[in-house]
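Novice: Before we start, here is the structure in question, set down as structure tokens.
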Amino acid sequence: MDTRLPQTDPRYAVAGSNFPLNGKQKALLALAEELGPRFAERAERYDREASFPFENYADLRAAGLLGLCVPEKFGGQGADLKTYALVSATLGKYCGATALTFNMHACSTLWPGILADDLDMTNEQRAGHEKRRAVHFERVVKQGAVYAQPFSEGSAAAAGKAPFGTTAAKVEGGWRVNGKKIFASLAGAAHYYGVLCTENKPELSMRDTLYLAVPGDAPGLTVTGDWDPLGMRGTVSRNLLFKDVFVPDDGAMMPRGVYFQAASRWPHMFTTLSPTYMGIAIAAYEFTVKYLRGEVSGMPPVKRRMYPTKQIAVAEMWVKLEQTRALFLRMLEDARVDPPKDARLRAYAAQYTIMENANDICRLAIRTCGGQSMLKSLPLERLYRDSRCGALMLPWTAELCLDRIGREALYEPGEDD
Ligand SMILES: Cc1cc2nc3c(=O)[nH]c(=O)nc-3n(C[C@H](O)[C@H](O)[C@H](O)COP(=O)(O)OP(=O)(O)OC[C@H]3O[C@@H](n4cnc5c(N)ncnc54)[C@H](O)[C@@H]3O)c2cc1C
């Protein structure tokens, strides 16, 4: 491990003490911890303005973290899902909007990268994918390009229950894309939008899902709608309209049919939003301990730790935090292609638990710290608002996790009544 980088109190480190980390993971986590305090300083402004954290992205770029999940052979850090999640949760402690948007970018390299290596492709598909992904990875590693991941459309598609209504028609040398995406984080800020759409055939099918990188300056692409939400304001998740947008053949981020395969065989790919909220939960707990100890900078050193009710509240928060963290870390150990059924069910349970408990830990933090914590001068009210968004994120919203846990426990694949 790089010993020049700061050490973190293990209670507030994502993996805690005595969790097995390799040298690369330790160095990446230390790097994220080093960047974090700068992100925390800027978080209030991005939240107030609902503006994109460009300065944080400049820092991520300079630190080499834009290439976190780009395989090493393409010049990246080669982080797997577990390593990515630990770094993402660390960033989430400092700025939720940065961590959440970083998820969209990092997954645009994780999915066509290490994850796609596990999927079945013909030799021809594999060779074509290797060539095309080299183009994407070079943009990220050499040119510092940032990718977004706009999937949601306001239909059942982002929930994985219907084909995407955004379509791509095959034309000479590429694809012609038409449609609309909503809640597109990094809208107006990304260099490329990794769009999920359906190949335009007489019958639209989820099996024909395409994953295409649309350049941010492509003619026919417009960013629309305002953005003044409750939380995660720095994500700038506005709408995207595609009107006859041409995407060249090398814009395909996965070969035909492979996204559909990934979605069913690599379910943990949909857990990658939860680390952001794991980080927020840790931040709310850490803030509460420091507040009650009179250690929050800029506040009078008034201690409130002597009241039994405060001690009980902190105990309750710790119990919830540790339950959440234990399931988070366990889920990361499970992440692989074709996981057994118990691991898949545990992934749903982990996602549900992280999203719901992050908000609950923030609720307890506000109640415990009291009126001061409602003020915009302190980060707690922002953590509270940001944490509210976790359970709403498709495809694995808290509701849909419960749906899946219940259904998949009671039905085996192919069974029906
Ligand atoms: C801050 C933020 C950033 C976001 N960034 C992105 C992004 O970068 N890319 C992106 O693609 N999306 C993004 N989203 C969108 C997000 O993933 C959801 O798609 C969006 O919040 C859903 O909006 P909705 O409530 O209108 O969905 P609705 O479709 O109205 O769903 C509402 C709820 O109903 C349930 N539901 C939905 N469909 C079904 C179904 N078929 N069966 C049973 N229950 C169902 C779900 O629990 C869902 O939460 C972001 C959202 C937020 C809040």
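The values are calculated or read from the model by the stated rules, or taken from the named source; none is laboratory data. Predicted model only: the values in this text are computed from it and were never measured. Quick reminder, even Gly has a Cβ in these numbers, built from the backbone with ideal geometry, and neighbours come from all protein chains shown. To get the accessible areas, we keep the full protein, side chains included, count just its heavy atoms, and leave off ligands, DNA and RNA. Shrake-Rupley method; radii C 1.70, N 1.55, O 1.52, S 1.80 Å.
Novice: Applying the selection to the range 287-308, what residues are in contact (Cβ under 8 Å) with a residue 40 or more places away in the chain and open to solvent by 70 Å² or more (accessible area, probe 1.4 Å)?
Specialist: Gly298
Novice: Still on this structure: Given the residues Val258, Val247, which is the only one that is away from the ligand (no atom under 16 Å from the Cβ), in contact with a Gly (Cβ under 8 Å, 6 or more places away or on another chain), of a type in the set (Val, Ile, Thr) and closer than 29 Å to His129 by Cβ? Working first, answer last.
Specialist: Numbers: Val258 fails: in contact with a Gly (Cβ under 8 Å, 6 or more places away or on another chain).
Testing whether each residue is away from the ligand (no atom under 16 Å from the Cβ), in contact with a Gly (Cβ under 8 Å, 6 or more places away or on another chain), of a type in the set (Val, Ile, Thr) and closer than 29 Å to His129 by Cβ leaves just Val247.
Novice: Now for a separate question. Determine whether Thr83 is at pLDDT below 95 and either outside any loop (DSSP other than H, G, I, E, B) or of a type in the set (Ser, Thr, Tyr) (or both).
Specialist: Values: at pLDDT below 95: no; either outside any loop (DSSP other than H, G, I, E, B) or of a type in the set (Ser, Thr, Tyr) (or both): yes.
So Thr83 does not fit the description; no.
Condition check ((1) surrounded by fewer than 22 Cβ atoms within 10 Å (Cβ to Cβ); (2) free of Cβ contacts under 8 Å to residues at least 60 places away in the same chain) across all residues:
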| residue | (1), (2) |
| --- | --- |
| Leu327 | yes, yes |
| Arg330 | yes, yes |
| Ala349 | yes, yes |
| Leu383 | no, no |
| Ala398 | yes, yes |
| Cys401 | no, yes |
| Gly406 | yes, yes |
| Leu410 | yes, yes |
| Gly414 | yes, yes |
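Novice: Looking at (1) within 16 Å of the ligand (Cβ to nearest atom); (2) of a type in the set (A, V, I, L, M); (3) at pLDDT 95 or above, can you tell me which one Met121 breaks?
Specialist: Of the numbered conditions (1) within 16 Å of the ligand (Cβ to nearest atom); (2) of a type in the set (A, V, I, L, M); (3) at pLDDT 95 or above, the odd one out for Met121 is (1).
Novice: Out of the range 240-259, which residues are out of contact with any Asp or Glu (no Cβ under 8 Å at 6 or more places or on another chain), surrounded by fewer than 20 Cβ atoms within 10 Å (Cβ to Cβ) and of a type outside the set (Lys, Arg)? Write out each step before concluding.
Specialist: Quick first cut of the range 240-259, residues out of contact with any Asp or Glu (no Cβ under 8 Å at 6 or more places or on another chain) only: 240-255, 258-259.
Then keep just the ones that are surrounded by fewer than 20 Cβ atoms within 10 Å (Cβ to Cβ); that gives 241, 243-244, 246, 248-250.
Matches in the range 240-259: Leu241, Asp244, Phe246, Pro248, Asp249, Asp250.
Novice: Would you check if Lys181 is open to solvent by less than 30 Å² (accessible area, probe 1.4 Å) and in a strand (DSSP E or B)?
Specialist: Working: open to solvent by less than 30 Å² (accessible area, probe 1.4 Å): yes; in a strand (DSSP E or B): yes.
It is true that Lys181 is open to solvent by less than 30 Å² (accessible area, probe 1.4 Å) and in a strand (DSSP E or B).
Novice: Continuing with this model, one more query. Can you tell me which of (1) touching a residue at least 24 places away in the same chain (Cβ under 8 Å); (2) more than 30 Å from Arg382 (Cβ to Cβ); (3) open to solvent by 40 Å² or more (accessible area, probe 1.4 Å); (4) more than 13 Å from the ligand (Cβ to nearest atom) is the one Glu203 doesn't meet?
Specialist: Only one criterion in (1) touching a residue at least 24 places away in the same chain (Cβ under 8 Å); (2) more than 30 Å from Arg382 (Cβ to Cβ); (3) open to solvent by 40 Å² or more (accessible area, probe 1.4 Å); (4) more than 13 Å from the ligand (Cβ to nearest atom) is unmet by Glu203, namely (1).
Novice: I'd like to check something: does the range 369-380 contain any residue that is of a type in the set (Lys, Arg), surrounded by fewer than 22 Cβ atoms within 10 Å (Cβ to Cβ) and not in a helix (DSSP H, G or I)?
Specialist: Within the range 369-380, one or more residues are of a type in the set (Lys, Arg), surrounded by fewer than 22 Cβ atoms within 10 Å (Cβ to Cβ) and not in a helix (DSSP H, G or I).
Novice: Given the condition in a loop (DSSP other than H, G, I, E, B), over 19 Å from the mean Cα position of the chain (by Cα) and in contact (Cβ under 8 Å) with a residue 24 or more places away in the chain, answer yes or no: does some residue in the range 26-48 qualify? Spell out how you get there, then give the answer.
Specialist: We begin by selecting, within the range 26-48, every residue in a loop (DSSP other than H, G, I, E, B); these are none.
So far as the range 26-48 goes, no, none of its residues is in a loop (DSSP other than H, G, I, E, B), over 19 Å from the mean Cα position of the chain (by Cα) and in contact (Cβ under 8 Å) with a residue 24 or more places away in the chain.
Novice: Taking the condition β-branched (Val, Ile, Thr) and farther than 24 Å from Asp47 by Cβ, does Val87 pass?
Specialist: Working: β-branched (Val, Ile, Thr): yes; farther than 24 Å from Asp47 by Cβ: no.
No: the conditions fail for Val87.
Novice: If you don't mind, there's one more thing I want to ask. Restricting to the range 154-180, what's the tally of residues that are within 13 Å of the ligand (Cβ to nearest atom), closer than 14 Å to Thr209 by Cα and of a type in the set (D, E, K, R)?
Specialist: Matching residues across the range 154-180 total 1.
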